[in-house]
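In what follows, a structure is listed as structure tokens, so that the remarks can point back to it.
The values are calculated or read from the model by the stated rules, or taken from the named source; none is laboratory data. Quantities reported herein were computed from a predicted structural model and do not represent experimental measurements. Glycine gets a Cβ as well: all are built from the backbone with ideal geometry, and neighbour counts include every protein chain shown.
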């Protein structure tokens, strides 16, 4: 998985410059965009697909599509929203390919994500869960991310963290209970519950 080596947060002006330059075929500017947004796409993909390999492939497909349609980038006002739409479409295609495992549940998720009036709630719900994960105790947060976002097995996490497999499982169970307890209520709650349910799959 590609990781960010530069923690610099780009300004809107920098992003705008990268978009314009990429639209003219500048691969260096496109690389800056890729490095800035790769982990955002990957973490969402692995949350749904529960496979680091499939998430990696999907993320690559997203950026290949963006590069293939690079002429449009100069006219895009909000790249994050554009990236969300491209990623969402790729994710839905990937979910459809996984229907055999749980067709009804995937259909429900696709319907929620596809409906235009649900897209804002979807993004807000996903961000809420990301924020809740950041509130977990330090070790629990690392264990949870390694399991649910990096797709690593309990045994791999136990070895990496120097704790028992049961210790890893305990952290995961408590993290999921925390998420379920703090999802709250409201119009976006169905989406939050759906996303959390996907996090439960392992």
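Summary table below
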item: Among residues of segment 130-175, those that are in a helix (DSSP H, G or I), at pLDDT below 90 and buried (at least 16 other Cβ atoms within 10 Å of the Cβ), counted; result: 11
item: Subset tally (residues that are within 16 Å of residue 68 (Cα to Cα) and either touching a residue at least 60 places away in the same chain (Cβ under 8 Å) or touching a helix residue (DSSP H, G or I) at 6+ places or on another chain (Cβ under 6 Å) (or both)) for segment 7-31; result: 8
